Amino acid sequence: MTDIPLKRPLLRASKSHEDSKVVFVELFFDLVFVFAVTQLSHSLLHHFSLTGMAETAFLMLAVWWVWIYTTWVTNWLDPQTTPVRLMLFLLMFAGLILSTSIPQAFGSSGLAFACAYVFMQIGRSVFMCWALSGYHMGNYRNFLRITAWLGLSGLFWISGGFAVEEARYVLWGIALFIETVSPAVGFWTPRLGRSTTADWDVSGAHMAERCGLFIIIALGESLLVTGATFAELPGTLVNLTAFFVAFASSIALWWIYFNIGAEHASIRISESDDPGRIARLAYTYLHIPIVAGLILVAVSDELILAHPGGHTEPLVAIAIVGGPLLFLLGNLLFKQAVFGKFALSHVCGALGLIAAFPAHEHLSPLALAAIAAALLFAVGVWENISVKSQK
């Protein structure tokens, strides 16, 4: 790899904690994704079916790829410089178009969604090539490969925007597959070869903090839904209990991710000889089920508050149990990738949730949600005791 010159106008000065810290413009950029997560959860609520779940999962993956690619970029670029800030502001505007298109992305807003998405993906990568040219040739070639792959997927995104429903599913499915598999194969490109994780000399602390902030965004959506829905309900004991269960569930989710995993993972990736490998697996891929679980939890919270009693429909049970289950499985794999071992507490918690699902036929939504929340708390307490006993 070519040595990096001392003078790098748009790049961070170093990988030290001080030079790689998250700055305010990055948090400002994330506000667009607060809106995107809200759009995803509300869209699922309005189309609460298996098809709606599949479409929401698909759009969530697209939103995630836009955000995580930008996170990788700002790991290298200095957001305090004017050109980088202007690039982020332009991405924010396109992100607002993308977010407003989410409810009708598989309908009348498909082309708007596709154009905004492709503009963000390719535009950001082209900017990165320009910023790196002459300053970091290894990473410059890496982003040439990335731009080529995103250009290929972009053809399918735009084509799908023009297509009718069935064809759009196929074309966008191909596009998303290209973007999902490309990091795993090192963005192999004819004549340019493939990237290695050594090319991705990321700041582990920055990557961990940025992904932690996205988890906060998704958790915040759950709290917003809970508070807004409860505010419109009469103050009965049942409604108050449902409100408490939803809030307690959010605390348990925060505890499982942030109490031990997030901080320790930040230290581990910072000390790793190959931080790019951990960042690619643990943060780029394994945070996907964590975020998906949180979005499903936000939906289930509103369903529980709206209808706490009565029979629990199978789809409602899937949301109540599936959200925490996805979250736990994602955390299980994330912590295994970082620490090299499976957390027994998470395995047992996941098995408990799976075992609780068949009981939905005999339980109210509130009762099933209370069981799920109790299991999450048990996982958090177990993990905390286990870690302390090892010190």
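Readers should treat all values here as calculations from the given coordinates under stated rules, not as data from a laboratory. If you're wondering where the values come from, they're calculated on a predicted model, not measured in any experiment. Cβ placement follows ideal geometry from the backbone for every residue including glycine, while neighbour counts extend to all protein chains displayed.
Between the range 135-205 and the range 295-337, how far is it from one alpha carbon centroid to the other, in angstrom?
With the range 135-205 and the range 295-337 each reduced to a Cα centre, they are spaced 31 Å.
Each residue of the range 254-260 in order: what ³J(HN,Hα) in whole Hz does its phi give by Karplus 6.51 cos²θ - 1.76 cosθ + 1.60, θ = phi - 60°, with x for Gly and Pro?
Listing the rounded values in order: 4, 4, 5, 7, 9, 4, 10 Hz.
With only Lys, Arg, Asp and Glu charged, each at its Cβ (+1 for the first two, -1 for the last two), find how big the charge dipole of the chain is about the Cα centre; round to the nearest 20 debye.
It comes to approximately 1060 debye.
Could you give the length gained by full extension between Gln104 and Thr82, i.e. 0.36 nm per residue of separation minus their alpha carbon distance, to one decimal place?
4.5 nm
Which residue, Ile278, Ile318, Ile267, has the most motion in a Gaussian network model of the chain that connects Cα atoms within less than 10 Å?
Ile267
Once amide H atoms are placed 1.01 Å from N in the peptide plane, what residues at a sequence separation of 5 or more from Leu11, or on another chain, have their amide H within under 5 Å of its amide H?
Distant-sequence amide H within range of Leu11: Asp78.
To the nearest 0.05, how large is the calculated FRET efficiency for Ala248 and Arg191 if R₀ is 45 Å and r is the Cβ-Cβ distance?
With R0 = 45 Å, the Cβ-Cβ based efficiency is 0.20.
What share of Cα pairs, in percent, lie more than 17 angstrom apart in the range 294-391?
The calculated P(r) of the range 294-391 puts 50 percent of pairs beyond 17 Å.
Could you go through the range 149-163 in sequence order and give the Karplus-derived ³J(HN,Hα) for each residue, using 6.51 cos²θ - 1.76 cosθ + 1.60 with θ = phi - 60°, rounded to whole Hz, and x for Gly and Pro?
5, 5, x, 5, 5, x, 4, 6, 4, 5, 4, x, x, 8, 7
Number of Lys-Lys pairs in the chain under 21 Å by Cα, sequence gap 8 or more or different chains?
6
Roughly speaking, what is the stretch gain from Glu263 to His47, that is 0.36 nm per residue apart minus the C-alpha to C-alpha distance, in nm to one decimal?
Result: 74.1 nm gained on full extension.
Label points 7 Å out from Cα along the Cβ direction at Val164 and Val181: separation in nm?
Result: 2.8 nm between the two label points.
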